[in-house]
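First up is the structure itself, then whatever we jot down about it.
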Amino acid sequence: MAEDKARLRDEITLRREAGQSIADIAAAVGVNTSTASRWLREWGVEVGRREEARATNLWRPWTRDDIDFDLTIAERAAALGRSVSSVEECLRKYGSTKTNDPDLRRTR
């Protein structure tokens, strides 16, 4: 049992140090996000601060150029430095109403 806990601690710590989100880590090991976060703090692993986690362009307004493109959603998100979900949301609000369009899919 102690060996299982040590292995779990090692896995969670390594995943976090590799840059994986706490939510993804928690899902992978089967615990609640708040539990994973608490364990990381108890173990002295940096969990990050909200200010550091925010995108640098969080409040930058969308432009028409951000919507009109020949790239997949994932490629556009990477080019803009935004998340895939934020690009999808922008398309739903200001661009195409169909995010399942072949031209608007996440990957090619």
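The values are calculated or read from the model by the stated rules, or taken from the named source; none is laboratory data. Computed from a prediction, not measured in an experiment: that's the story for all the values here. Cβ atoms come from the backbone with ideal geometry, glycine included; neighbour counts cover every protein chain shown. For the accessible areas, the whole protein counts, side chains as well, though only heavy atoms, and no ligand, DNA or RNA atoms are used. Shrake-Rupley method; radii C 1.70, N 1.55, O 1.52, S 1.80 Å.
Among the residues of segment 16-31, how many are open to solvent by 70 Å² or more (accessible area, probe 1.4 Å) and in contact with a helix residue (DSSP H, G or I) (Cβ under 6 Å, 6 or more places away or on another chain)?
To start, the set of residues in segment 16-31 that are open to solvent by 70 Å² or more (accessible area, probe 1.4 Å) comprises 17-18, 24, 27.
Now narrow it down to the ones that are in contact with a helix residue (DSSP H, G or I) (Cβ under 6 Å, 6 or more places away or on another chain): none.
Qualifying residue count, segment 16-31: 0.
Given the conditions (1) outside any helix (DSSP H, G or I); (2) modelled with pLDDT of 85 or more; (3) open to solvent by 70 Å² or more (accessible area, probe 1.4 Å), which single one is not true for residue 61?
Of (1) outside any helix (DSSP H, G or I); (2) modelled with pLDDT of 85 or more; (3) open to solvent by 70 Å² or more (accessible area, probe 1.4 Å), only one is false for residue 61: (2).
Looking only at segment 70-79, count how many residues are closer than 16 Å to residue 60 by Cα and either under 15 Å from the mean Cα position of the chain (by Cα) or open to solvent by 60 Å² or more (accessible area, probe 1.4 Å) (or both). It would help to see each step written out before you state the result.
Here is the first cut: in segment 70-79, the ones closer than 16 Å to residue 60 by Cα are 76-79.
Okay, now just the ones that are also either under 15 Å from the mean Cα position of the chain (by Cα) or open to solvent by 60 Å² or more (accessible area, probe 1.4 Å) (or both), so 77-79.
Adding up the residues that qualify gives 3.
Within the set of pairs 6+ apart or on separate chains, which have a first residue in segment 4-23 that is among the aliphatic types (A, V, I, L, M), a second that is not in a helix (DSSP H, G or I), and C-beta atoms under 7 Å apart?
22/47
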